1. Find out how many positive minus negative residues lie around Ala34, taking Lys and Arg as positive, Asp and Glu as negative, among other residues whose Cβ is under 14 Å from that of Ala34.
2. Using the reciprocal of the averaged 1/r over all distinct C-alpha pairs, how large is the Kirkwood radius of segment 23-279 in Å?
3. With r defined as the distance between the Cβ atoms of Val74 and Ile192 and R0 fixed at 25 Å, what FRET efficiency is calculated, to the nearest 0.05?
4. What ranking, highest mean first, results for peptides 130-141, 266-277, 200-211, 172-183 when packing means the other Cβ atoms within 10 Å averaged over each residue?
5. Once each part is reduced to its C-alpha centroid, what is the distance from segment 83-162 to segment 215-232 in angstrom?
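Each value in this text was obtained by applying a stated rule to the coordinates, not by laboratory testing. Owing to the predicted nature of the structure, the values given are computational and were not obtained by experimental measurement. Counting neighbours? That spans all protein chains shown, and the Cβs are built from the backbone with ideal geometry, glycine included.
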Amino acid sequence: MSRCLLLKAIFIMTVISAQSYPRILVHGHRGARAVRPENTLPAFEYAIGVGADVLELDLAVTKDNVLVVSHDPVLPEKTCQGPAGATRVIREMTLEQLREWDCGSRPNTVFPKQQPVPLAGVPTFDEVLAVAPRGKFEFNVETKIFARQPELTPDPETFARLVIDAVRRHKLESRVMIQSFDFRTLEAAARIAPEIRRSALYSGPPRDLVALTRVARASICSPEHRLVTPMNVRALHDAGLQVVPWTANDPESWQRLIDARVDAIITDDPAALIEFLKTKGLR
């Protein structure tokens, strides 16, 4: 076979192989925490710029019932600095008090590529939703609520209603999904706004993920990525459910999830995952 024919055959095989896989969406975890301070506007702007399909983020609620974007209900000492002696508990602060905190100057040393963004604070949910006109990307929104620590959040019904009111205010019902480990907010969201997608987060021993997702009244299952197998993905798909594992950050894990036929991958480095998908002819 001539070199030209060989290259043509390889190209055709690559195209056929790529076509056998579904399009896998890329969720930028906390924006893109591998390269920017997590859950900050610069992280979300970076994720948008590199072509992430979905911005993944976390929500807490201030003392004056404002939704803000933070993974932790207690601001971490390693990455957030504020007034001396002030509480770090978001639920004990008003939005005005929270504005005094800097969560961008101290890089997260777990991520060597992360670039600090001095004075980047904790944005409100409204501020993040306001970037929607910049593209067609979606939002994967986690309610950080804890059954054993009710003092850290409003009750599930109130929390869900705050989220849904914000989504409706921005007219983004079709571009938002609500996810949680605590299914009480998902159940409340199903009653209040059944048209908004819901995702059941899970971490723990292997279990029936179809049953878990049904209990959560969700249409998406979001397990820790090491729990994903071709068999449980197939079972979820056969039940009409999507599979969006978290949080995979290396090529070996990405390939395993691609081979399992997941619908999307949540990653701290959306640019790297997008480039990896391109090398596989999947982007």
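1. -2
2. With all distinct Cα pairs of segment 23-279 included, I get 18.4 Å.
3. FRET efficiency, Val74 to Ile192: 0.35.
4. So the peptides 130-141, 266-277, 200-211, 172-183, ranked by packing, come out 266-277, 172-183, 130-141, 200-211.
5. One Cα centre to the other: 26 Å.
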